[in-house]
Structures are given as C-alpha cells and as structure tokens.
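Some notes on the structure that comes next.
The values are calculated or read from the model by the stated rules, or taken from the named source; none is laboratory data. Here the structure is a predicted model, which means the values were calculated and not measured. Heads up, the Cβs are rebuilt from the backbone with ideal geometry, glycines too, and the neighbour counts pull from every protein chain shown. Ligands, DNA and RNA are stripped out before the accessible areas are found, and what is left, the full protein with its side chains, is counted by its heavy atoms. Shrake-Rupley method; radii C 1.70, N 1.55, O 1.52, S 1.80 Å.
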Protein chains: 4
Amino acid sequence: MRKPIIGVMGGAEVSAAVARDAYELGALIARKGWVLLNGGRACGVMEASAKGAKEAGGLTVGVLPDDTTEHVSPSIDIPIVTGMGAARNVINVLSSDVVIACPGSGGTLSEVALALKAGRTVILLGIEVGAALAEYRASGQLEDAEDPRDAIEKVQATLRNRGF
Amino acid sequence: MRKPIIGVMGGAEVSAAVARDAYELGALIARKGWVLLNGGRACGVMEASAKGAKEAGGLTVGVLPDDTTEHVSPSIDIPIVTGMGAARNVINVLSSDVVIACPGSGGTLSEVALALKAGRTVILLGIEVGAALAEYRASGQLEDAEDPRDAIEKVQATLRNRGF
Amino acid sequence: MRKPIIGVMGGAEVSAAVARDAYELGALIARKGWVLLNGGRACGVMEASAKGAKEAGGLTVGVLPDDTTEHVSPSIDIPIVTGMGAARNVINVLSSDVVIACPGSGGTLSEVALALKAGRTVILLGIEVGAALAEYRASGQLEDAEDPRDAIEKVQATLRNRGF
Amino acid sequence: MRKPIIGVMGGAEVSAAVARDAYELGALIARKGWVLLNGGRACGVMEASAKGAKEAGGLTVGVLPDDTTEHVSPSIDIPIVTGMGAARNVINVLSSDVVIACPGSGGTLSEVALALKAGRTVILLGIEVGAALAEYRASGQLEDAEDPRDAIEKVQATLRNRGF
C-alpha cells in the first residue's frame, strides 16, 4: 500500500508565526510516515513545510508552476515541473489525499476551492474562507484546526475514512 | 483593435433568478459589442449567459473542461476543448479582460480567486466570497454589483482603464 | 450549427515559401466560412495563417502558451490565454475539427502526434513525420497534401465525414 | 543534492519484448539510485518500468492523465494526479532530467517531441521517429540506444553533463 500524500497549501509571503506552523505541519507529517506535497518553491509556506518534513526524515514532493527547477526549495526531493502556472494548483489538490490550508491569498483560496470541488477534505489552519464555501462546511468536508497538532489529528481521522 | 472579452462565471446548477441575471449579462455584453467567454457547458450560468449573448447577436466562446464537444451549449460559437477538467478555470480567467462572477460553488470561487491572483478585476453579482479575499476588495480589484446593468457599467469603467 | 474550426500548426521560424503556404491556407479557410485556429503568436506559421484568414474576412482564434496577450498576432480576433506553455498544444488540436500541419520542429511534431492520438485527421503540407506514425497513415487518419488547395480539399472531405 | 529523475515513456499496449526492456530499464534506474518517472498507469511500458524499478528497491513517480488513482500501477509510490489527459505528457518530460523512449504510438511520439523542444536529451530504445526530428539528432540531443544497458550508459553521460 502506498503512503498517504498530504498537501500543505499557503502563501508565498507569510508571517513568522505562519511559517512556524507550516514547519511544524511538515515535521508532523513526516513523523507519521506520510508524504508531504506542496507547491515546491523556496518561499513562504512551501519552503517552511518542506523544510519541516525534510528535517524530520520525510519524503517531499513539490509541484512547481515554473518550467524549470530554478526556484525549487532545497528541501524538495521530487520536483514536478509543470510549466503551467496556476493550473498546477489543480494538480496540487488532486494529488493530495487530504489538504491542509494555511494563510495565503488568491492562489491559496483557489486551492481550497478546487480541493473541495474535487471531493477532498480540507483542514483550515488560521485561514478564513467566507460564506461562499458554507455548503462544504455544513457537509463536514471543510474543517477548522486550532493548531498544527489538531490539523494532523483531523487528517488522520480523514485518512482512516479513506481506507488508509 | 480586438474586441474586449468578458468572462461570466457561475454555477452549473443555479436558481431561476440567477439564470435570469446570467441571461441578461450575456445580452448586455453582446449589445456592447464585446465577446462573451464562459465555461461552455449547456447548463447553469454557462448556458444562460451564452443564450443571452447569442440571442442578442453576440459572439460566444466556451472553454470546456471536457475532451469533446458533447456537452457544449448550443449557444456557443467557438468551443475551446481543453480536456483538462478544472485546470480550464485558469484559462477562463486569463482569457477574460474582466470577470463577472455569479453564484456558484467551489469551481466558481476558484475562478474568482484565480482571476484576482492573475490581476483581473472581478465584479461579483450576488456572490459572497469572504474575508480571505479582503485585500483585493481593499485595492479596488474586487467589486460588488447590484444587478446586471450595474455589473456592465463597472466592466465598462474597468475596460476604459485597460485601454479599450 | 456552429462553423467548423480548422487548426493550422507549424513552426515559429519558417522559410518565406512556408509562410506563403500558411497565408494561403488561412485565406482559403476564411473563404470557406470556417474558423481558423492556431497558436496565436505573431511569428512564423501562426502569424502568416492568421493574416491570410483575417485579410480574407475570416474569424481567427489563437491559443497562446503565454499568460498575457503581449505576443499575440494582430490578426487574431480571439486570444485564448493559457499560461500553460507547451501544454496548450493539446488544446490546439482538441479544439480543431481537422488539423493541417506545416513544417516546424518539436512543437509542431508534438501537435501532429497529439492530434492523431485524439482521433483528429491530420493533413501534412510539406512536413515528413516518419515511421513512428505509420499506423495512422495506414488507417487514413494521416494524409499528405500537395499544396494549400489540395489540403483544403482534404479538409472538406473530412468535415463531410464528421457531419459538417 | 536531489536524485536525478529519469523518465521512461512508451506505449500502453506493447509486445512482451518491449515490456521486458522496460522492466530492465526500471531495474537499472533503481540500481543507479535514480528516481523513475513515467505516466503511472497499470499497463504497457508504464507498468513494466515501474515494476522493474520497484522490485529493485527504487522510488517511482507516476504522472497520471486521470483525475483519480483508479488506474495507477501498484508499483508507483507517488501518483501525481493531473486530470489533464494528454497535457500531462508535458509534465512527464519537464519533470525528467533525461527521457528514454520505448516503442509506442501518438502519445509516446508527442513526448519525444515535447522533450526535445524543452531541451531534454532523449534516448530512443527501439523507436524510429523520422526526419521531422533530424535537427535534434544532428545536435546530439536525440540518440539511439542498442539495449537497456546502453540506454542507461547514455543517460549517465548526459547526467554528468547536467551536473549530477
């Protein structure tokens, strides 16, 4: 059986507190034996979550918007080079068994919306997504986490329901 | 000089009131001499806006998620067949000079977010997108319209600023 | 009934003779009342075929690899902005009812191959594609044309078989 | 430093001899400590090369055309789910440091062409691609291999030139 792939999405420019949370998410994902997947670049939530996972001995996949690996994080083991710009956001969420979303702006919100549309459970950590997605919250597909540990517990519960 | 392309986004299953607004948007876009672009399918806001534009003598472009034209609206003149599923949402917004968003769910919200990230002005007609996009509202890139006529006036003002 | 969409593919840097053929193809497509679709940029076979169609009063669609319209041909009426680089080659061929291929290099050959895989008839005009595609030639899906007029006659025959 | 990623492309329906070569390529790639990347499905060259790599203890990445993992090979560790059909062929080649092509049909030839256009070295193993790609053969970017071991030696030489 393959390992679960957990997507961590979030902004390219974030506060130190958000970066700390992203680092901790990466570390906790690695310690569970899961694969971390993110947008691959060497900045923001992408860099922090990859570094956290890598330093905890995990495997990291980065799905880049670029057509080269020039901007890839040094903590990414497997760069997926798409050359597709924001269309790679769709690949990020389809390739993730569960998605965790940290604060970001338009790109991050698009990933939350695309993940929900694709049937993925999305765990929000410090991001408010508004009434437009209320239907998914009502159905239990969209959940809030209090901190990284809480997010990971909610991921674990979802994975169990998906047969992992 | 080419004609402006106005994107109208919104759900595949919508109320009769939303469909009426979408039809009127299409008709107003056509009467301005603009090109209507949407997701191309024969349902919801896509079908209604294409029909409105077509019956008012306009030109209509539909960017389909499918790899065939099987589900295209009969009111679409130019079906763009992507075979890319939700990744075509990126093409919808990049190809539009201005985007109008009607009520929908995850797919529509992803288009609002992707359009804003790509620098497009987005006019919301009866859709609430939440605090996650507050920065774009503050900068004037994200606006609310009261009704289809108001939306078209806001599109006109934006086009003027973009040199059309 | 919508108008047929004819894709004309070919290199970004071509000889004057190839550009003349591409211009003539565009003109003949427009005079038939068909829509011309190509890769949209202001160079090579794209520029020449769009100009030929436009000057003959036709409608032209350009599916751009870029995420802006900066490099679009002035003869393109409808720029489709993908931001997807070479992945837009797939959209070029899926959106065409029939594909004509002029000389080019890797990009053009990828479009020939993708079009055949997607079930499109491909008419070659001065391009040699080798034994790897022999199966499609055997089945009649891949044909050679002697000159632009011959290519257009072969397109016409294919369209008839597709119900246009 | 990350491990090199070697793409193995080829048909979904192939002879037993081609499948044996693909299996051996996968095994040799894994023994070198490289990552195997292919199109991810449980058939043809994809299945055989993934199995070869997996049974030799390697890491395997499969970039699926589908929007689910339903058709993924059981020998794939990391399924990348694109939902983009043939547009994933672009991702296959951009994500590979070197590409090896086995016999196939339109899809495989599109990958050879896209890889060359993207600047990748392509090693052909039993596939004839014709005069349309002669310029790449002349420049040394397109090479023929006699058997899987020869292909791997040519990959090794290319990797050295790329700084691995």
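Side notes on the structure shown:
- Under DSSP loop assignment and at most 15 Cβ neighbours within 10 Å, longest GluC sites (Glu not before Pro)-free interval of chain D: D:71-127
- Hydrophobic long helices, here whole DSSP H runs in chain A with Kyte-Doolittle means of at least 0.0 and Cα atoms spread over 15 Å or more along the helix axis, are found at A:16-31, A:106-117.
- Share of carbon and sulfur in the accessible heavy-atom surface of chain C [1.4 Å probe, %]: 45 percent
- Residue of chain C with the smallest Cβ distance to the axis mapping C onto D, distance rounded to whole Å: C:Gly130, 1.
- Accessible area per residue, Å², the protein assembly as shown with all protein chains present, probe 1.4 Å: 35 Å²
- The mean number of Cβ atoms from other chains found within 10 Å of a Cβ in peptide C:55-68 is 2, as a whole number.
- Computed from the C-alpha gyration tensor, the three semi-axes of the ellipsoid equivalent to the stretch A:69-109 are 18, 13, 12 Å, from longest to shortest.
- Counted over all Cα-Cα pairs of the stretch C:1-116, pairs farther apart than 20 Å make up 29 percent.
- Its alpha carbons considered, the stretch A:1-55 gives a radius of gyration followed by a Dmax of 10.4, 37 Å.
- Average partner coverage of D:36-45, which counts Cβ from other chains inside 10 Å: 0
- Projected-area mean, the stretch C:60-164, by convex hull of Cα positions, square nanometres: 7.0 nm²
- Copy-to-copy label separations for A:Glu128, where each label sits 7 Å from Cα toward Cβ, in nm and ascending: 1.3, 6.8, 6.8
- Under the convention that each Lys and Arg Cβ holds +1 and each Asp and Glu Cβ holds -1, the size of the dipole of the protein assembly as shown around its Cα centre is about 0 debye.
- Simple Cβ-charge dipole of the stretch A:34-164, Lys/Arg +1 and Asp/Glu -1, about Cα centre, in debye nearest 20: 300 debye
- Averaged over C:91-98, number of beta-carbon atoms from partner chains that fall within 10 Å: 5
- Sorted from nearest, the other copies put their A:Arg162 label points 3.0, 3.6, 3.8 nm away, the label point being 7 Å from Cα in the direction of Cβ.
- Sequence-distant aspartates and glutamates (8 or more away, or on other chains) whose Cα lies within less than 15 Å of A:Lys3: A:Asp97, D:Asp77
- Considering only chain B, percent of DSSP beta bridges that pair antiparallel, nearest 5: 5 percent
- Structure-based [θ]222 nm, chain A - -39500 (n - 2.57) summed over DSSP H runs of at least 4, per residue, nearest 500: -12500 deg cm²/dmol
- Size of the D/A contact, given as accessible area buried on both chains, probe 1.4 Å, in Å²: 1700 Å²
- Alpha carbon convex hull of the stretch A:28-77, volume per residue in cubic angstrom: 56 Å³
- Inter-copy label distances for A:Pro74: 4.1, 5.0, 6.3 nm (label point placed 7 Å from Cα along Cα→Cβ; shortest first).
- Simple rule: put +1 on each Lys or Arg Cβ and -1 on each Asp or Glu Cβ in the stretch A:1-91, find the dipole, and look at A:Gly39, A:Thr68, A:Ala86; the Cα lying farthest toward the positive end is A:Gly39.
- Taking a ≥ b ≥ c as the square roots of the eigenvalues of the Cα gyration tensor, the protein assembly as shown is classed as oblate, since a/c reaches at least 1.5 and a/b does not exceed b/c.
- Quarter the surface of the alpha carbon convex hull of the stretch B:88-136 and you get the mean projected area, 3.1 square nanometres.
- Proximal charge balance of C:Ala131 [Cβ under 15 Å; K/R count +1, D/E count -1]: -3
- Short to long, the 5 Å bins of the Cα pair-distance histogram for the stretch C:111-164 hold 4, 19, 31, 27, 15, 3, 0 percent of all pairs.
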